[in-house]
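Q: Dropping the structure in here first, questions after.
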There are 2 protein chains.
Amino acid sequence: MSEGFLEFDGVRYLDGQSSDPRRLGWMEGTPPPADQQIRFADDRFLDFPQIRWTLSHMRELVPTVNVWRGDGPASRFDEAGGSDAATIDKLAFTDLDGRERRWDASLADAYTDGILVLHRGRPIYERYFGALQPHVPHSCFSITKSYAATLAATLVHEGVLDAEQRIPHWLPEMRGTAYDDATLRQVMDMQIGVAYSEIYADPKAHIWDYARAGGLRPRPAGTSGAASFYEYLPTLRPEGRHGEAFAYKTVNTELMAWIMKRVTGQPLAQMLSERLWAPLGCEQDGYLGVDPTGVPMGGGGLSATLRDLARFGELMRREGEWNGRQLVPAAVVADIRRGSDPAKFARAGYTLLPGYSYRSMWWVSHNALGAFEARGIHGQRLYVAPAADLVVARFASHPVASSAANDPITLPALLALGRMLRER
Amino acid sequence: MSEGFLEFDGVRYLDGQSSDPRRLGWMEGTPPPADQQIRFADDRFLDFPQIRWTLSHMRELVPTVNVWRGDGPASRFDEAGGSDAATIDKLAFTDLDGRERRWDASLADAYTDGILVLHRGRPIYERYFGALQPHVPHSCFSITKSYAATLAATLVHEGVLDAEQRIPHWLPEMRGTAYDDATLRQVMDMQIGVAYSEIYADPKAHIWDYARAGGLRPRPAGTSGAASFYEYLPTLRPEGRHGEAFAYKTVNTELMAWIMKRVTGQPLAQMLSERLWAPLGCEQDGYLGVDPTGVPMGGGGLSATLRDLARFGELMRREGEWNGRQLVPAAVVADIRRGSDPAKFARAGYTLLPGYSYRSMWWVSHNALGAFEARGIHGQRLYVAPAADLVVARFASHPVASSAANDPITLPALLALGRMLRER
């Protein structure tokens, strides 16, 4: 078989088709050959191309807590009619590098593992590739943040949390840290001045200390430092001022999740189950990776099926209402859609996201479709475009841990789809 | 609160009520106090009384693979009628130490986490204690063996496996080991001469090497030896002769599972899902602990809910038929019920199990109820008594890792229940 490649920032990667995990035979055989095994301990399980297998199998590598779907039947999507899928496959668009593309061929170029399109609540397009299947949860990574912060904003709406309170009000452990004078709202919008780097390409970045503390990277013998999220967070030192600029840092979500747990007493997995998974009629249980003390990773630990992710997107499109029940207050969804201050977002330098803002851990486009997005670092995406009655759930396992690597394809593809559907 | 105690072999343990994990507060708090945390790394997560929490939370401590329940609705048990539960609670029996007991009071003395009684397929008694809930899977430990070997016997019936073949026929890796001249049937009936000790109270017993290889115990820095099941099994040396006596050794199941996987190509989790979980209409997904290479622990890694365990027992009572489909061949169930040679069983010295035999990893009583049992080391039990139309599924977390510790209560309790129901 011939192999194709993607080049990004001067590095060459196997392309989407050539890196299909079935083609590479990861974990096949009894036992698999040594060079086709994926083990947690060798710390390569999130390397590419292993990641194409791993993101559909996280639970087989790390401890997890279940997000129960409840006892009820799965909710049914309405039946799709017509030839929408074929139309979408042929959809043409120009990527941000000026290249003409077709929707169907672009899927592999974004290392897509699965994609589901809902229009007016009906599934009109659904595809699975590689290791993903309809009933298999896929790692959401930072889409987890949007789930968690939507619940946090709900708790604020209910008066359980006061978004203007400072963090030590709930967490005295955070006195004297970067968060001493930060408000919960600043945390939820990631406008925090904290010395914490999240450059995946830098092996010395703080993100790796955080991951080792959380048990999501091996801790080789002699590893010092925090051995749980709650030990790690109080080590964070200030850098810059709060409230002035958007700065994307996963520890903010972890801190928010800590507050939610301390105030409600409810584990995140239970809150997700009772407030979303069960009432949405999700088809399958989800799960969350947990740290060595059992604390789930609120900043990126969730795995869910594509259809259940789409249900959450559809809930947001319906302004929080689902079968006559208001699962998320309409005011919370409206607040997210309004976004925050694009000027503060602009200071973060996301050149591919002009005019965006970040609110309650959603990426808000402020575009003509009213689109807002939840984003995972390997191309996972939940795209809600109310003006086009559109929800797109996509899982991917892109070799480059940065949305900037797939946005040049993804953003214009979604925009083209939204425009097409808006005309209907 | 006053504390009660159990004494066994000169050691004193908190009794069933005093060791209730909710009472002890394991893993409660944000974070839990250090002495109420249960962590994999400190290797105390299977100690008592931690185990009372752990066996309902294994997935939060180790990597696991899902046993999918499928897309269909859960099968319904018929509604129970009458006042059976109250009658059962009052059931009197004499334990093997000569003490008069009542059913309800005996549950805590067996450290019961949950118990479900089916009579003619209808649930007539269902109780949950401590950390267990109806939708929460509990660790089955060696009940896993009975699931796995029932599937193996099915593969033999289907001609996929030949029980009279010797092990190296499928696993050349096992040439020169204890299994060089052993047949699959001898493995399935555990009549293998292998140097392997399974005395949980002995820290030098081979069972701990096996557990460390399988990732079910921590491997501290510098740990040598096998780091997966498939590396560990070929290290086993002969001791004694095959086919002469029953000798209970978990590695036999692991070896059998290896053969099943190599021959069918199907992972055990998938086989359990397709052949049992889905067609039985199980309510919840189950799961299996996996070793560092992703191989599930066929000898003890399964967790399932109490109701789903009961469904498997009911399938066996119905001779493998479920809603008109033969999920397990009737001949396989009949062969298990016939048992093997009690004389060979007697050589193993189980004084509490006179007249028993062991067949395809089921414990066969040869008693008047025709009872056969699947058994887990901390009191987990699946009891099928065809002559009384009875199935009992029980989860427990007994402090002593030996069925001998709870059999003096359990065996006469189940026999008394079976006798009562047979009169109906």
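The values are calculated or read from the model by the stated rules, or taken from the named source; none is laboratory data. Note that this is a predicted model, so its numbers are computed, not measured. Please note: Cβ atoms are built from the backbone with ideal geometry, for glycine as well, and neighbour counts cover all protein chains shown. Remember, those area values only see protein heavy atoms, side chains included, never the ligands or the DNA or RNA. Shrake-Rupley method; radii C 1.70, N 1.55, O 1.52, S 1.80 Å.
Q: Collect the residues in the range B:136-157 that are surrounded by fewer than 24 Cβ atoms within 10 Å (Cβ to Cβ) and touching a Ser or Thr at 6+ places or on another chain (Cβ under 6 Å), keeping them in residue-number order.
A: B:136, the sole residue that qualifies.
Q: Follow-up question, since we're still on this one. Could you run through the range B:69-120 and say how many residues are assigned to a strand (DSSP E or B), of a type in the set (S, T, N, Q) and crowded, with 16+ Cβ neighbours inside 10 Å?
A: 1
Q: Which residue, of A:322, A:362, is among the aromatic types (Phe, Trp, Tyr) and either free of Cβ contacts under 8 Å to residues at least 12 places away in the same chain or under 24 Å from residue A:404 (Cβ atoms) (or both)?
A: A:362
Q: Could you check residue B:186 against (1) assigned to a loop (DSSP other than H, G, I, E, B); (2) buried (at least 19 other Cβ atoms within 10 Å of the Cβ); (3) on the phi < 0 side of the Ramachandran plot and say which number it fails?
A: (1)
Q: Is it fair to say residue B:255 is in a loop (DSSP other than H, G, I, E, B) and either buried (at least 20 other Cβ atoms within 10 Å of the Cβ) or away from chain A (no Cβ under 12 Å) (or both)?
A: So residue B:255 fails the test.
Q: Which residues, counting only those in the range A:108-132, are on the phi > 0 side of the Ramachandran plot and aromatic (Phe, Trp, Tyr)?
A: Answer for the range A:108-132, where residues must be on the phi > 0 side of the Ramachandran plot and aromatic (Phe, Trp, Tyr): just A:111.
Q: Is it the case that some residue within the range B:7-24 is out of contact with any Lys or Arg (no Cβ under 6 Å at 6 or more places or on another chain), open to solvent by less than 40 Å² (accessible area, probe 1.4 Å) and modelled with pLDDT under 95?
A: There is no residue in the range B:7-24 that is out of contact with any Lys or Arg (no Cβ under 6 Å at 6 or more places or on another chain), open to solvent by less than 40 Å² (accessible area, probe 1.4 Å) and modelled with pLDDT under 95.
Q: Would you mind finding the one in B:371, B:405 that is aliphatic (A, V, I, L, M) and farther than 21 Å from residue B:308 by Cα?
A: Being aliphatic (A, V, I, L, M) and farther than 21 Å from residue B:308 by Cα holds for just one of B:371, B:405, which is B:405.
Q: Search the range B:295-321 for residues being surrounded by 22 or more Cβ atoms within 10 Å (Cβ to Cβ) and over 15 Å from residue B:393 (Cα atoms), and hand back the single one that is nearest to the other protein chains (Cβ to nearest Cβ).
A: Of everything passing the filter in the range B:295-321, B:295 is nearest to the other protein chains (Cβ to nearest Cβ).
Q: Select from the range B:400-424 the residues that are in a loop (DSSP other than H, G, I, E, B) and hydrophobic (A, V, I, L, M, F, W, C) and list them in ascending order.
A: Answer for the range B:400-424, where residues must be in a loop (DSSP other than H, G, I, E, B) and hydrophobic (A, V, I, L, M, F, W, C): B:400, B:401.
Q: Report, ordered by the first and then the second residue, all pairs with beta carbons closer than 8 Å, sequence separation of six or more or different chains, a first member in the range B:380-408 that is not assigned by TED's automatic domain parsing to the domain that holds residue B:351, and a second member that is open to solvent by 20 Å² or more (accessible area, probe 1.4 Å) and modelled with pLDDT of 95 or more.
A: none
Q: So, residue B:379, is that one open to solvent by less than 10 Å² (accessible area, probe 1.4 Å) and assigned to a loop (DSSP other than H, G, I, E, B) or not?
A: Considered against the rule, which asks whether it is open to solvent by less than 10 Å² (accessible area, probe 1.4 Å) and assigned to a loop (DSSP other than H, G, I, E, B), residue B:379 comes out as yes.
Q: On the given criteria, is residue A:196 on the phi < 0 side of the Ramachandran plot, in contact with a helix residue (DSSP H, G or I) (Cβ under 9 Å, 6 or more places away or on another chain) and touching a residue at least 60 places away in the same chain (Cβ under 8 Å)?
A: no
Q: Counting only residues that are of a type in the set (A, V, I, L, M, F, W, C) and within 22 Å of residue B:340 (Cβ to Cβ), which one in the range B:392-414 is surrounded by the most Cβ atoms within 10 Å (Cβ to Cβ)?
A: Residue satisfying both the conditions and the ranking: B:414.
Q: Please tell me if residue B:210 is open to solvent by less than 20 Å² (accessible area, probe 1.4 Å) and under 23 Å from residue A:221 (Cα atoms).
A: yes
Q: Also: Looking at residue B:52 and the list (1) in contact (Cβ under 8 Å) with a residue 24 or more places away in the chain; (2) more than 13 Å from every other protein chain (Cβ to nearest Cβ); (3) assigned to a loop (DSSP other than H, G, I, E, B), which single condition is not satisfied?
A: Result: residue B:52 passes all but (3).
Q: Looking at (1) open to solvent by 20 Å² or more (accessible area, probe 1.4 Å); (2) within 14 Å of chain A (Cβ to nearest Cβ); (3) part of a loop (DSSP other than H, G, I, E, B), which is the only condition residue B:284 fails?
A: (1)
Q: Give me a count of the residues in the range A:296-352 that are assigned to a loop (DSSP other than H, G, I, E, B) and more than 17 Å from residue A:152 (Cα to Cα).
A: Residues meeting the conditions: 11.
Q: Scan the range B:19-49 for residues that are more than 8 Å from chain A (Cβ to nearest Cβ) and in a loop (DSSP other than H, G, I, E, B) and report the count.
A: Count: 15.
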